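Chemist: Would you mind keeping the following structure in view while I ask a few things?
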Amino acid sequence: MERLRPYLKPDAKVHDGTYPESAIPWFTEGMHANAHYFSHPRWMDDWLAFVHRYPELRDRWLGVLGTLDGKVLVDVGCGPGNLLATLGGKPLIAIGVDIATGSLERAASVGYVPLRADGHDMPLRSGIADVVAINGSLHHLDDMRRALIEAARLVRPGGYLILDHDPQQSAWDFRGIALLAWRMRLPIYRWLKRGGHTAADDEQIWALATELHHRPGDGLTRELVNSTLRPLGFDIQIYPHSHYVGREVMTGTMGRPPLKIRLAQRLSGIDPNSPAAALSLFCVARKPL
């Protein structure tokens, strides 16, 4: 709590328990799903070990930031700590914000100062962060625009707000046969007991319940990012990619979606080689000095 105190709003009501905790007066169904799924010990052990833990991600982010050394990092929806575990470095402080207690315990073990809070309304002071990261978590929040505005509030002049690993809406806008196949995959997975579908824990059911904006017809768009952050004074660069691309994403390399996704895109009238077909958007928003 003492490390966190200089970064809190003067009137913040944060309980000092196992880890600092801000009151969340209203839990939506999506929040309940996220709190449950991202607290499950076995699922989060696997998540920390394997999800977003590839070298191209590290190269992509550090191609913008150079290093986290000496910086104030706020990671919104930090989960079990994958981003810092992947990027490395020695930030001045890395504040991990999440609503899942099990995730925060693991995030603390990899170097985060944990804070249980709602990403739509954080008890942190404005303008504190050199880097505000939202990595694969914006689509888990009920109101993506509101969450973006709240995250932008924390960025100091010269600092960055970086988004990554949120599904680009246009890439997943499946239609016709492709949409039918997408919907049929779940009963098939349950029958085969693959993809997290086991009788013991219903992992995939809970995982899907957290994906509030990752479904055909929903997801992140350039328009949402630009219309939200440009009026707040940010300079924005948006780079579409299909994940396993490093800093070369900033010179136009996108990578390719997996074969099954490319097939679904073809059946939906989406050109798999177009920027609109890239699975995610790497959004780099800088607040001018």
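All of the numbers you see were taken from the coordinates with simple rules; none came from a lab. Keep in mind it's a predicted model, so treat the numbers as computed, not measured. As a convention, Cβ positions derive from the backbone with ideal geometry for all residues, glycine included, and neighbour counts pool all protein chains shown.
Chemist: What FRET efficiency, computed as 1/(1 + (r/R0)^6) with R0 = 35 Å and r the Cβ-Cβ distance, is obtained for Leu259 and Glu2, rounded to the nearest 0.05?
Modeler: Numbers: r = 52 Å, r/R0 = 1.47.
Between Leu259 and Glu2 the formula returns 0.10.
Chemist: Which FRET efficiency value, to the nearest 0.05, is calculated for Lys90 and Leu289 with the Förster distance at 25 angstrom and r the Cβ-Cβ distance? Write down the numbers at each step before the final one.
Modeler: Working: r = 24 Å, r/R0 = 0.96.
Approximately 0.55, to the nearest 0.05.
Chemist: Continuing with this model, one more query. Stretch Thr251-Arg215 to full length: gain in nm at 0.36 nm per residue minus the Cα-Cα span?
Modeler: On the way: separation 36, 0.36 × 36 = 12.96 nm, distance 2.87 nm.
So the chain would gain 10.1 nm between Thr251 and Arg215.
Chemist: Oh, and also: Take Tyr7, Tyr112, Tyr239 and order them by how many other Cβ atoms sit within 10 Å, fewest up front.
Modeler: On the way: Tyr7 19, Tyr112 27, Tyr239 23.
The order, fewest Cβ neighbours first, is Tyr7, Tyr239, Tyr112.
Chemist: Another question, then. What length, rounded to one decimal in nm, is gained on full extension from Leu267 through to Ile149, with 0.36 nm per residue of separation minus their alpha-carbon distance? Provide the component values of the computation, followed by the final result.
Modeler: On the way: separation 118, 0.36 × 118 = 42.48 nm, distance 3.59 nm.
Net length gain for the segment: 38.9 nm.
Chemist: Under the classification rounded if a/c is under 1.5, otherwise prolate if a/b is larger than b/c and oblate if not, where does the range 23-139 fall, given a ≥ b ≥ c as square roots of the Cα gyration tensor eigenvalues?
Modeler: The shape class here is oblate.
Chemist: Follow-up question, since we're still on this one. With the Cα gyration tensor of the chain giving a ≥ b ≥ c as the square roots of its eigenvalues, does the rule (a/c under 1.5 for rounded; else a/b larger than b/c for prolate; else oblate) give rounded, prolate or oblate?
Modeler: On the way: a/c = 1.75, a/b = 1.27, b/c = 1.38.
Cα axes put the chain in the oblate bin.
Chemist: Could I ask something else about it? Residues in the range 105-147, backbone N under 15 Å from the label point at His15 (7 Å along the Cα-to-beta-carbon vector): list them, ranges by number please.
Modeler: So the set is 115-118.
Chemist: How far is it, in nm, from the label point at Trp26 to the one at Val51 when both lie 7 Å from their Cα along the line to the Cβ?
Modeler: 2.6 nm
Chemist: How big is the range 90-167 by Rg and Dmax over its Cα atoms, in Å?
Modeler: 12.1, 33
Chemist: Would you work out which of Asn135, Gly158, Ala147 lies farthest towards the positive end of the dipole of the range 132-181? Charges go on Cβ: Lys and Arg +1, Asp and Glu -1.
Modeler: Gly158
Chemist: Once you sort the root eigenvalues of the Cα gyration tensor of the range 1-82 as a ≥ b ≥ c, which label holds: rounded (a/c under 1.5), prolate (a/b larger than b/c) or oblate (the other case)? Show your work: numbers first, answer last.
Modeler: Details: a/c = 2.26, a/b = 1.19, b/c = 1.89.
Oblate.
Chemist: Which ordering of Ile261, Ile134 is given by a fewest-first count of other beta-carbon atoms within 10 Å? Could you put the intermediate results ahead of the total?
Modeler: On the way: Ile261 20, Ile134 28.
Fewest-to-most ranking of Ile261, Ile134: Ile261, Ile134.
Chemist: Here's something else I'd like to know. Please list, or write none, the aspartates and glutamates whose alpha carbon is within less than 14 Å of the alpha carbon of Lys9, excluding same-chain residues fewer than 8 places away.
Modeler: Result set, ordered by chain and number: Glu21, Asp121, Glu150.
Chemist: Span-like helices, the chain: DSSP H, alpha-carbon axial extent 20 Å or more, mean Kyte-Doolittle 0.0 or greater, which ones? Can you show the working numbers first?
Modeler: Working: long enough: 176-192 (24 Å, 0.65).
Once both thresholds are applied, what remains is 176-192.
Chemist: Let me have the 222 nm mean residue ellipticity of the chain computed from DSSP H runs of 4+ only, each contributing -39500 (n - 2.57), with the sum over all residues rounded to the nearest 500.
Modeler: Working: 10 runs with 97 residues, N = 289.
Helix-only estimate at 222 nm: -9500 deg cm²/dmol.
Chemist: Something else now. Using alpha-carbon pairs under 8 Å, 6+ residues apart, how would you state the relative contact order of the range 43-174 in percent? Kindly include the intermediate steps, with their values, before the conclusion.
Modeler: Numbers: 250 pairs, mean separation 28.4, N = 132.
Normalised by residue count, the contact order of the range 43-174 is 22 percent.
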